[in-house]
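Below: the structure, in structure tokens.
Nothing in this text is a laboratory measurement; each read-out follows from the coordinates by a stated rule. In this text the structure is predicted, and so the values were computed from the model without any measurement. Glycine gets a Cβ as well: all are built from the backbone with ideal geometry, and neighbour counts include every protein chain shown.
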Amino acid sequence: MSHAGVLVLGATSTVARSLAARWAQEGLPLLLAGRDLPEIERVAADIRVRYGSQVEVVACDTAAAGYPEAVLASVARAGPLRGVLWAFGTMAGADGSGDAQTLRDSAWVNFGAAPPLIEGLLPLIDREGFIALLSSVAGDRGRQSNYVYGAAKAALGTYGLGLRHRLSGKGPSVTVVRLGVVDTRMTWGMNVPGGTADPDAVAQAVQRGIARRRAVVYAPRRWALVMAVIRNLPEPLFNLLRI
């Protein structure tokens, strides 16, 4: 990339695609990364056609041998970064029902793979830039329906806020995004009171929060109130809920 752009990790995510399009409209070059290269190439081609943007693609498989060193080398060759979006995630084994390998993979994809790559990327990111980590409201309180997933996303959020503290005044801003239930492939078929949120509306809220250098963004915003109630329910009452 000739100018500092944005690295989108997990670029096949529905929210990540929408954010990438929004940054392209701002004139920022993009580096799209993920495991499914043919799909990412299609996303890149679409953005180039729609916005005339400079878009490059790099392989990023968190389960591959040589991760994260190979990814870091590819990104370094592409040039400096204005920002980084971490959008990897999986619902596999979310409720603890998976086998041992599924549970290990869930913990790794939803949290464990992030620190070794993000820490390695820090020297490439503009001091006035940003790091955004897509976490989840599932991390606000352990619930039977998704406590393995929620635990990993809680760890991702804690990591992001700790990194923000460390970089305060001397590095890029870090924003932890606590996503509610968004209409994506990962949430297809879920029965959610109030319905699932539109990915583009969520991306708009996330983009705004990053631009304002917020520490935490709930998207959609109503989930901040929903989770405040859930976090503060007394345990006897909480245990009556099948959520």
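Principal axis lengths of region 70-170 from Cα atoms, whole Å, largest first?
42, 29, 15
Considering only 154, 63, 114, give the residue with the highest GNM mean-square fluctuation for the chain, with springs between Cα atoms whenever their separation is below 10 Å.
Sorting by GNM fluctuation, first place goes to 63.
Calculate one ³J(HN,Hα) per residue across region 80-93 by plugging θ = phi - 60° into the Karplus curve 6.51 cos²θ - 1.76 cosθ + 1.60, and present them in order as whole Hz with x for glycine and proline.
Couplings: x, 10, 8, x, 9, 10, 9, 10, 6, x, 8, 9, 4, x Hz.
Suppose R0 equals 35 Å. What FRET efficiency, 1/(1 + (r/R0)^6) with r the Cβ-Cβ distance, do residue 63 and residue 42 give to the nearest 0.05? List each step's numbers first, then the result.
Details: r = 22 Å, r/R0 = 0.63.
Result of the calculation: an efficiency of 0.95.
Taking the highest mean first, how do the peptides 123-131, 135-143 order by number of other beta carbon atoms within 10 angstrom per residue?
Working: 123-131: 16.3, 135-143: 21.3.
Answer by packing, highest mean first, reads 135-143, 123-131.
Using the Cα atoms as the points, what is the convex hull volume per residue of region 145-184 in Å³? All intermediate terms of the calculation are to be shown ahead of the outcome.
Values: hull volume 2.9 nm³, N = 40.
Cα convex hull per residue, to the nearest whole number: 73 Å³.
Report, in degrees rounded to the nearest 10, the 0 to 90 angle that the Cα long axis of helix 222-232 makes with the longest principal axis of the chain.
In the chain, helix 222-232 runs at an angle near 40 degrees to the longest axis.
Among 146, 110, 232, which one moves the most in a GNM of the chain with springs linking Cα atoms closer than 10 Å?
The residue that fluctuates most here is 232.
Is it possible to state the helix-based mean residue ellipticity at 222 nm for the chain, with each DSSP H run of 4+ residues giving -39500 (n - 2.57), the sum divided by total residues, to the nearest 500 deg cm²/dmol? What is it? Write down the numbers at each step before the final one.
Details: 9 runs with 102 residues, N = 243.
After summing the helix terms and dividing by residue count, I get -13000 deg cm²/dmol.
If you build a Gaussian network model of the chain, linking Cα atoms that sit under 10 Å apart, which residue out of 134, 19, 167 swings the most?
Top of the fluctuation ranking is 167.
Using +1 on the beta carbon of Lys and Arg, -1 on that of Asp and Glu, and nothing else charged, what's the dipole of the chain about the Cα centre, debye to 20?
Working: 26 positive and 19 negative charges, 174 e Å.
About 840 debye.
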